[in-house]
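We did not get these values from a lab; they are worked out from the coordinates using the rules stated. Fair warning: this is a prediction, and the values are worked out from it, not measured in the lab. Cβ coordinates were reconstructed from backbone atoms using ideal geometry, including for glycine residues, and neighbour counts include every protein chain displayed.
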Amino acid sequence: MHYEEQEYSKRIDLDTFNKLLVFAKPYKKEILILIIQMILLALVDAIFPKLNQYAIDLFAAKRNLDGFPYYCILVIGLVVFQAANVRLMILNAGKVENSIPYDIRKAAFNKLQELSIAYYDRTPVGWIMARLTSDVKRLGVTLSWHLVDFFWSIFLIVIMTVMMLITHVGYALLVLSVVPFLVIISMIFQKIILHNFRKARKLNSQITAGFNEGITGAKTIKSLSIEGHMLNEFKGLTTEMKNFTVKAATISSIYTPIILFLGSIATGLVLWKSGSQIGEYAISYGTIVAFSSYAVQFFEPVKQFARVFTELQYTQASAERVVTLLDTKNDIIDSQEVIERFGGMFDSNREEWPAFIGNIEFRNVTFRYKEGGNILENFNLSIKAGETIALVGETGSGKTTIVNLACRFYEPTEGSILIDGV
């Protein structure tokens, strides 16, 4: 439970996500279709307030129902189109959500097969399990549903801004006047939320590692009678994670009402300004209704964008950890000449393998683990094929290390180990 992860960047790092976008390339067709669906979804959402404006100004205000049946057909058609578009979007996003994590997990598992035993010595199983499960799952959700919400929010904000400017420039500027305050508030909340989410993810890894130690090391724990110590340590981690999670949720719960409050201010500004102009017929009732709808609707995608922005910060903590695993350098690397002749770990060329005799030679081998002194120093040993030898020595003298080196679980610090003279 004492494994310490590296510290990561304090801000959203696009390079981290760029490294993971390679897993999205096989599904660029589905993602492109998703983006198009989001554009259409945002366009229809922005059209409805405009249709309400026309209905009030053309039918209600003038008490004239000429063309009303066509209006109803148009509205019903848009509703049906929107429903069909949403259904297809859900199916498409679901495919992306499940496919990308599958590819990331496969790549991560392949990486784990390539890594040496030394990696597993210094990395708890719980940390690895958290990367392959909860972190990868969160990445899949981000690259599908959060991507959907992100593009829907962006396109709807842009389209509604254009619609408002076309309808009435003055009222549009009133609604947009609160946006700078929103940007400033978002920047303030970013740092606080990201810090707490990173802490929570780090503690989640330690808790998963604690579960693993408690189960796989149950015999050792009971034989040493340290159940109380393990329980207190685990309880401390879970309590700390609960505190950080509650703090992050509290901050997020403050952020959303602020967005809604800004939306209410924008609506109030529109109603205040338009109230003095209705009697002068400078503005129609339909325009007021449309702008009231736009003022309320405008901050819904802004709120969604803020939510996705928060989730993106949460996801970065997961992305950083997955990328750390995928970018881990192996301690044992074959030369390019060996790979070209005999193949790699997953595509070995057995036809090129030389006949195996079984002679093993340790030649001036010195070995030490990353922490600590030399276990072996200028060690020499020659074992002929078919020989049976016994390694005798006190605990810690290096018997197990010799076997591990012969199996190439580790590379010698100095010297060389030859198999059949190679």
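Of the residues PHE367, PHE299, PHE109, the one that moves most in a GNM of the chain with alpha-carbon contacts below 10 Å is PHE367. Using Cβ point charges alone (K and R +1, D and E -1), the dipole size of region 107-239 about the Cα centre works out to roughly 200 debye.
Packing around the peptides 247-254, 221-228, taken as the average count of other Cβ atoms within 10 Å per residue, puts them in this order, highest first: 247-254, 221-228. Rounded to the nearest 10 degrees, the inclination of helix 147-167 to the longest alpha-carbon principal axis of the chain is 20 degrees. Neighbour counts of C-beta atoms inside 10 Å place ARG368, ARG122 in the sequence ARG122, ARG368, starting with the fewest.
Here the chain is treated with +1 on each Lys and Arg Cβ and -1 on each Asp and Glu Cβ, and its dipole about the Cα centre works out to around 1380 debye.
Farthest towards the positive end of the charge dipole of region 14-326, among the residues ALA290, GLY268, SER153, is the Cα of SER153, using unit charges on the Cβ of Lys, Arg, Asp and Glu.
Computed over the chain, relative contact order equals 23 percent, with contacts defined as Cα pairs under 8 Å that lie 6+ residues apart. Neighbour counts of other Cβ atoms within 10 Å put TRP127, TRP152, TRP272 in the fewest-to-most order TRP272, TRP127, TRP152. Cβ-to-Cβ counts within 10 Å put MET160, MET241 in ascending order as MET241, MET160, the fewest first. The convex hull built on the alpha-carbon positions of the chain has an orientation-averaged projected area of 29.5 nm².
Karplus-derived 3J(HN,Hα) values for region 50-65, using 6.51 cos²θ - 1.76 cosθ + 1.60 with θ = phi - 60°, are 5, 5, 5, 4, 5, 4, 5, 6, 8, 9, 6, 5, 8, 6, 9, 9 Hz; glycine and proline are entered as x. When only alpha carbons are used to place a centre, region 363-422 and region 48-119 end up 62 Å from one another. The listed peptides 401-411, 95-105, ordered by packing as a protection proxy, come out as 95-105, 401-411 (highest mean of other Cβ atoms within 10 Å first). Put a dot 7 Å past the Cα of LEU391, heading toward its Cβ, do the same for LEU418, and the two dots end up 2.1 nm apart.
Rounded to the nearest 20 debye, the dipole magnitude of region 354-419 is 120 debye, with +1 charges on Lys and Arg beta carbons, -1 on Asp and Glu beta carbons, and the Cα centre as origin.
Have a look at LEU65, SER186, THR250 and report the one farthest towards the positive end of the charge dipole of the chain, computed about the Cα centre with Cβ charges (Lys/Arg +1, Asp/Glu -1). Checking the options against the dipole of the chain, the answer is LEU65. Sorted on the mean count of surrounding Cβ atoms within 10 Å across their residues, most packed first, peptides 386-397, 70-81 read 70-81, 386-397.
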